[in-house]
1. Quote the charge dipole size of the range 1-69 about the Cα centre in Debye, to the nearest 20; the model charges only the Cβ of Lys and Arg (+1) and of Asp and Glu (-1).
2. Relative to the present Cα-Cα distance, how much length would full extension add between VAL140 and THR80 at 0.36 nm per residue of separation?
3. Within the range 45-76, list the residues whose amide N lies under 18 Å from a label point set 7 Å along Cα→Cβ of LYS95.
4. With each pseudo-label sitting 7 Å past Cα toward Cβ, what's the LYS48-LYS18 distance in nm, one decimal?
5. Averaged across orientations, what area in nm² does the convex hull of the alpha carbons in the range 28-101 project?
6. Between the range 1-28 and the range 58-101, how many Å separate their Cα centres?
7. If you compute semi-axes √(5λ) of the Cα gyration tensor in Å for the structure shown, which of (1) 33, 20, 14; (2) 32, 15, 12; (3) 24, 18, 16 do you land on?
8. Sequence gap at least 6, Cα distance under 8 Å: using those rules, report the relative contact order of the range 2-145 to the nearest whole percent.
Amino acid sequence: MKVVLQRVTKASVTIDGKLKSMISEGILVLVGIEDADSREDIDFLGKKIVNLRIFNDENGIMNRSVLDTSGEILCVSQFTLQASTKKGNRPSYIKASKPDFAIPMYEKFCQELQSLLGKPVQTGEFGADMKVELLNDGPVTIIIDSKNKE
């Protein structure tokens, strides 16, 4: 699994002109799933995301997690994170999982985040044409690939 985390002051997902989800201060998580992903990847990334110290403390130092700040999480599936750009100019998405595998993995990932956060996690809609808006705070953007743990 690959995730892009963005510390936000607000973020939302709109589908067909209708607001689907919205958060205030917290983390926008964009997640790309591949067939090699497992429960181990979900567990690793879930713990990493909710405990990552990317929010400022009283001294302006990034020393607080989304748990510490009582922040929110918006999790959006994004198969394009699995793009390969090694050959030519058209990205290949061969590593991106098909919906029959990716949807259950995405749902389990969102459930894990919700369990670890201790409150509802907002989501996009798998496979939908989503409009994602965000106000990146910092800006703080972090990329984590669960296959590169070491």
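1. Its charge dipole is roughly 260 debye.
2. 19.6 nm
3. The answer is 45, whose backbone nitrogens lie closer than 18 Å to the label point.
4. Between LYS48 and LYS18, the label points sit 3.5 nm apart.
5. For the Cα atoms of the range 28-101, the hull's average projected area reads 6.7 nm².
6. That distance is 11 Å.
7. Comparing each candidate, only (3) matches the computed number.
8. Values: 282 pairs, mean separation 54.7, N = 144.
Taking the mean separation of contacting Cα pairs over the length of the range 2-145, I get 38 percent.
Throughout, read-outs are computed from the coordinates displayed, never taken from laboratory work. Everything numeric here is computed off the predicted structure, so don't read it as measured data. Positions of Cβ are backbone-derived with ideal geometry, glycine not excepted, and every protein chain shown enters the neighbour counts.
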